[in-house]
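Reading through the structure tokens given below for one structure.
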Amino acid sequence: MNKKSSQKNTVFVCEACGAVCAKWAGQCPDCEGWNTLSERVRASRKTGKSSSLGPAAHRLADVDTKQSPRVSTGLKELDRVLGGGLVPGSVILLGGEPGIGKSTLALQAVSRLSDMMPTLYLSAEESVEQLALRYQRLNLPAQDLQAFATGNLEDAVALIDRTGARLVVVDSIQTMHTERLDAAPGGVGQVRACAEMLAEVAKRDQVAVLIIGHVTKEGSLAGPKTLEHLVDTVLYFEGDATSRYRMVRAWKNRFGAVNEVGVFAMTEIGLKEVKNPSAMFLSGSHDDSPGRSVLVSQDGSRPILLEVQALVDQSSLGNPRRLSVGYDSVRLAMVLAILHRHARLGFVDQDVFINVAGGVRVSETAADLAVSAALISSGMDTPIPSRTAFFGELGLTGEIRPVARGDERIREAEKLGFNRVFLPLSNIPKGRDLQDDKAGPVHGRAALVGVSHITELQDRLRV
Ligand code: TYD
Ligand code: MG
């Protein structure tokens, strides 16, 4: 197969090194990677309204920084993830595995907004009848929401122009295709070209565009990952598709904080907001079997309590397994090395598994202490006393390092009735005495057990 750039306005770009070629080839001439070239629309060379003086720069101090007002989607959990509501004219990518609830969330999110601005739902995956069925089943208030089933980008853009839409959902980007490229829909070239054109329309006409993209478990499907730099906000659905809980996390946000999480539950009538996620993730975690600990995690602006489970077991393999779900496996290897070197806990001939309950992914280093505690508990076959929570980062020398927002974490644990919190010594708030870890709660407060080295954690867990 020897493809050629079908029209003059396309080029072939190497996905690996970014080299640009006029013709398609099996191997990139620059980085010598195989099958890395994909077709793209050539960037236009128009310089706009440049005068003979050339383009002029702006003095930042003079730029009008009036923030465009945010519009609430009516879903508080989603508003928070967006950074306080939808910014008109912004481009949002909503990614997630098939069946996790992207179309449902999109429909619910735009339903209220469609009363305030002309809104168009473009679907290439479902027919208008299917959309209407879902819409009726969800019992949504929107009266003016318009829908159209097409996978053709040129049609879609024409429709946006004709309807004067200010908010558009594109479901999904993998099923859109532009006539400007020969390639089949779903490939990186088509997905990128379509997203680029949609972003252009968004900026030109101040249309907010919500692009839905499918991601596989490995996150490898052509598409969403390559679009992250093109859009203002990237939201990813997280969670176990088999459980009813769904989390939407901001991975990138030009208008708000990253790592902000919104928690939803999938019900028969769509996604419902979960107001108290800590209680939800901990439900059923009150029995005291060895190998479980509670982490006070701080995702975005809100602390959440999560259950960390560890299983340490004799291995039958020459090379024992180290598997982690929901916690970085490189960090797990590091924690194991620290436990080995500083706490004399080998696990050398044992399989080690870590799981964060509820399909949650913890990306912050403050999880190290809870992971270590769960490992120690499983390794020593001793349960951690109930109503005990942990947070803190582990350093390579075995020291427990302070983490951000200690006060809020402590308050969240206390709010949920935890009476003992293990934390980095320097995270103990000023004015709060270091209490004996055997002391019970004083006036509804938790006993704070400040630890500064992994050996202290080990000693204190033995009691
Ligand atoms: P969907 O939004 O179609 O997922 P995606 O667009 O990410 O592929 O929703 C998928 C699942 O949600 C589907 O298996 C059915 C379920 N669901 C409910 O349980 N309740 C509902 O009200 C709706 C609309 C869907
Ligand atoms: Mg869908």
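Checked against (1) closer than 23 Å to L198 by Cβ; (2) in contact with a Leu (Cβ under 8 Å, 6 or more places away or on another chain); (3) not polar (S, T, N, Q), I100 passes all but condition (2).
Looking at L122, L133, just one residue is within 16 Å of ligand 1 (Cβ to nearest atom) and surrounded by fewer than 19 Cβ atoms within 10 Å (Cβ to Cβ), and that residue is L133. Considering region 229-260 alone, what residues qualify as being part of a strand (DSSP E or B), closer than 19 Å to V362 by Cα and either open to solvent by less than 60 Å² (accessible area, probe 1.4 Å) or not assigned by TED's automatic domain parsing to the domain that holds T104 (or both)? V234, L235, Y236, F237, E238, R246, M247, V248, R249, A250, K252, N253 - these are the residues of region 229-260 that are part of a strand (DSSP E or B), closer than 19 Å to V362 by Cα and either open to solvent by less than 60 Å² (accessible area, probe 1.4 Å) or not assigned by TED's automatic domain parsing to the domain that holds T104 (or both).
Does G300 fit the bill of being without any contact (Cβ under 8 Å) to a residue 40 or more places away in the chain and in the same structural domain as T455 (by TED's automatic domain parsing)? No.
Of the residues that make up region 194-204, is at least one open to solvent by less than 20 Å² (accessible area, probe 1.4 Å) and in a loop (DSSP other than H, G, I, E, B)? Checking region 194-204: not a single residue is open to solvent by less than 20 Å² (accessible area, probe 1.4 Å) and in a loop (DSSP other than H, G, I, E, B). Of all the numbered requirements in (1) touching a Gly at 6+ places or on another chain (Cβ under 9 Å); (2) on the phi > 0 side of the Ramachandran plot; (3) away from ligand 1 (no atom under 16 Å from the Cβ), V207 misses one, and that requirement is (2).
In the set (1) part of a loop (DSSP other than H, G, I, E, B); (2) modelled with pLDDT of 90 or more, L369 fails one condition alone, (1). Of all the numbered requirements in (1) more than 16 Å from ligand 2 (Cβ to nearest atom); (2) part of a loop (DSSP other than H, G, I, E, B), R112 misses one, and that requirement is (2).
Test of understanding: among S316, S329, S363, which residue is open to solvent by 40 Å² or more (accessible area, probe 1.4 Å) and over 20 Å from L394 (Cα atoms)?
Details: S329 fails: over 20 Å from L394 (Cα atoms); S363 fails: over 20 Å from L394 (Cα atoms).
The unique qualifying residue is S316.
Using the structure shown, decide if L210 is touching a residue at least 12 places away in the same chain (Cβ under 8 Å), assigned by TED's automatic domain parsing to the domain that holds D232 and touching a His at 6+ places or on another chain (Cβ under 8 Å). When the stated conditions are applied, L210 does not pass them.
Can you tell me which residue within region 95-106, out of those that are part of a helix (DSSP H, G or I) and crowded, with 24+ Cβ neighbours inside 10 Å, is farthest from ligand 2 (Cβ to nearest atom)? Talk me through it step by step, then tell me what you get.
Applying the first criterion (part of a helix (DSSP H, G or I)) to region 95-106 yields 102-106.
Remaining after also requiring crowded, with 24+ Cβ neighbours inside 10 Å: 102, 105.
On the way: K102: 5, L105: 10 Å.
Checked region 95-106; the qualifying residue farthest from ligand 2 (Cβ to nearest atom) is L105.
Whether any residue in region 136-147 is within 10 Å of ligand 1 (Cβ to nearest atom), in contact with a His (Cβ under 6 Å, 6 or more places away or on another chain) and open to solvent by 20 Å² or more (accessible area, probe 1.4 Å) is what I want to check. Break it down into steps so the answer makes sense when it comes.
To start, the set of residues in region 136-147 that are within 10 Å of ligand 1 (Cβ to nearest atom) comprises 137-139.
When the remaining residues are screened for being in contact with a His (Cβ under 6 Å, 6 or more places away or on another chain), the result is none.
Within region 136-147 (the criterion being within 10 Å of ligand 1 (Cβ to nearest atom), in contact with a His (Cβ under 6 Å, 6 or more places away or on another chain) and open to solvent by 20 Å² or more (accessible area, probe 1.4 Å)), the answer is no, since none of the residues qualifies.
Per the listing G346, G406, G379, G392, the residue uniquely over 28 Å from the mean Cα position of the chain (by Cα) and at pLDDT 90 or above is G379.
Does V352 satisfy the condition of being under 28 Å from Y245 (Cα atoms) and either open to solvent by less than 30 Å² (accessible area, probe 1.4 Å) or among the aliphatic types (A, V, I, L, M) (or both)? If you could, list the steps in order and put the result at the bottom.
On the way: under 28 Å from Y245 (Cα atoms): yes; either open to solvent by less than 30 Å² (accessible area, probe 1.4 Å) or among the aliphatic types (A, V, I, L, M) (or both): yes.
So V352 fits the description; yes.
Taking I92 as the residue in question, decide whether it is away from ligand 2 (no atom under 13 Å from the Cβ), closer than 22 Å to E238 by Cα, in the same structural domain as C194 (by TED's automatic domain parsing) and not in a helix (DSSP H, G or I).
yes
The values are calculated or read from the model by the stated rules, or taken from the named source; none is laboratory data. This structure is a prediction, so every number in the text was calculated from the model and none was measured. Methodologically, a virtual Cβ is constructed for each residue, glycine included, from the backbone with ideal geometry; neighbour enumeration extends over all protein chains shown. Calculation scope for accessible area: heavy atoms of the full protein, side chains included, ligands and nucleic acids excluded. Shrake-Rupley method; radii C 1.70, N 1.55, O 1.52, S 1.80 Å.
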